[in-house]
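Input: a single structure, listed below in structure tokens.
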Amino acid sequence: MSDCLKDRRKLLIATGGAGAVAAAASAVPFVASLTPSQRARAAGAPVEADVSKLAAGEMMTVEWRGKPVWILRRTPEMLAALEGHDQDLADPGSSENQQPAYAANRHRSINPEFLVVVGICTHLGCSPSEKFAPGAESGVRADWPGGFLCPCHGSTFDLAGRVFLSQPAPTNLEVPPYMWLSDAVVRIGEDESGTA
């Protein structure tokens, strides 16, 4: 074999090796781009909220999975307002399963004092506004018990997130999986059963 052929063979091997290294180097970022980002992984993770500074009658919003989750600390008057209007609700017992079993009660929560719901109207995904004051003061109607009003199409929900009859929204507001880590800290997105 002549020196010229040996040199050509070495050149082909070197060129092929360099091409293989370049292909592998360019594949690494491509493959890495297919894995979920840190932000995407965090978006689905449970979130914790400290409610220790939340006064009775106040509401805070936290983000979980890109959705607003409302935490409302209800007053005794707000809890009393949940009584007496079941006949006006589309699904007073939440039989459509918009909440975990531990929130399948009139107040739709683990602790009656705190309502934890996804703040998205079940009609077209708008975000209702708070109309906590009862009666005509709320601007809703004279017999209003207090709750939430979706300004887009007029759906109304009571202080447990239950939808009133004959509204565009087909179901009650969703209660996400959650659990209390202490008297002041709630974890949203995970519950005692491990449901996420």
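The set of residues in the stretch 90-118 being modelled with pLDDT under 90, within 15 Å of Asp158 (Cα to Cα) and out of contact with any Ser or Thr (no Cβ under 7 Å at 6 or more places or on another chain) consists of Ala90, Pro92, Gly93, Ser94, Asn105, Arg106. Among the residues making up the stretch 160-196, those that are part of a loop (DSSP other than H, G, I, E, B), modelled with pLDDT of 90 or more and among the aliphatic types (A, V, I, L, M) are Ala160, Leu165, Leu173, Val175, Leu181, Ala184. Once the stretch 119-130 is narrowed to residues that are surrounded by fewer than 20 Cβ atoms within 10 Å (Cβ to Cβ) and in contact with a strand residue (DSSP E or B) (Cβ under 8 Å, 6 or more places away or on another chain), the residue that is modelled with the lowest pLDDT is Ser127. Of the residues that make up the stretch 144-152, is at least one among the aliphatic types (A, V, I, L, M) and under 26 Å from Glu83 (Cβ atoms)? Within the stretch 144-152 (the criterion being among the aliphatic types (A, V, I, L, M) and under 26 Å from Glu83 (Cβ atoms)), the answer is yes, since at least one residue qualifies. Taking the stretch 85-119 as the range and being on the phi > 0 side of the Ramachandran plot and free of Cβ contacts under 8 Å to residues at least 24 places away in the same chain as the test, only Asn97 passes. For the stretch 51-73, the set of residues classified as charged (D, E, K, R) and either surrounded by fewer than 14 Cβ atoms within 10 Å (Cβ to Cβ) or over 25 Å from Asp183 (Cα atoms) (or both) consists of Lys53, Glu63, listed by residue number. For the stretch 120-167, filtering for residues that are in contact (Cβ under 8 Å) with a residue 12 or more places away in the chain and of a type in the set (Asp, Glu) leaves 2. With respect to (1) touching a Lys or Arg at 6+ places or on another chain (Cβ under 9 Å); (2) closer than 19 Å to Val62 by Cβ, the lone exception for Ser129 is condition (1). Does at least one position in the stretch 74-81 carry a residue that is exposed (fewer than 10 other Cβ atoms within 10 Å of the Cβ), modelled with pLDDT of 70 or more and under 24 Å from Val116 (Cβ atoms)? No, every residue in the stretch 74-81 fails to be exposed (fewer than 10 other Cβ atoms within 10 Å of the Cβ), modelled with pLDDT of 70 or more and under 24 Å from Val116 (Cβ atoms). Please verify whether Val116 is surrounded by 14 or more Cβ atoms within 10 Å (Cβ to Cβ), of a type outside the set (Ser, Thr, Tyr) and under 19 Å from Thr61 (Cα atoms), treating the condition exactly as stated. So Val116 passes the test. Do the conditions hold for Val185, that is, is it touching a residue at least 24 places away in the same chain (Cβ under 8 Å) and either of a type in the set (Val, Ile, Thr) or not assigned by TED's automatic domain parsing to the domain that holds Val116 (or both)? In short, yes. Just one of (1) under 30 Å from Ile110 (Cα atoms); (2) modelled with pLDDT under 95; (3) outside any helix (DSSP H, G or I) fails for Pro36. It is (1).
The values are calculated or read from the model by the stated rules, or taken from the named source; none is laboratory data. The structure presented is a predicted model; accordingly, all values stated were derived computationally and were not measured. For neighbour counting, all protein chains shown are included, and Cβ atoms are generated from backbone atoms with ideal geometry for every residue, glycine included.
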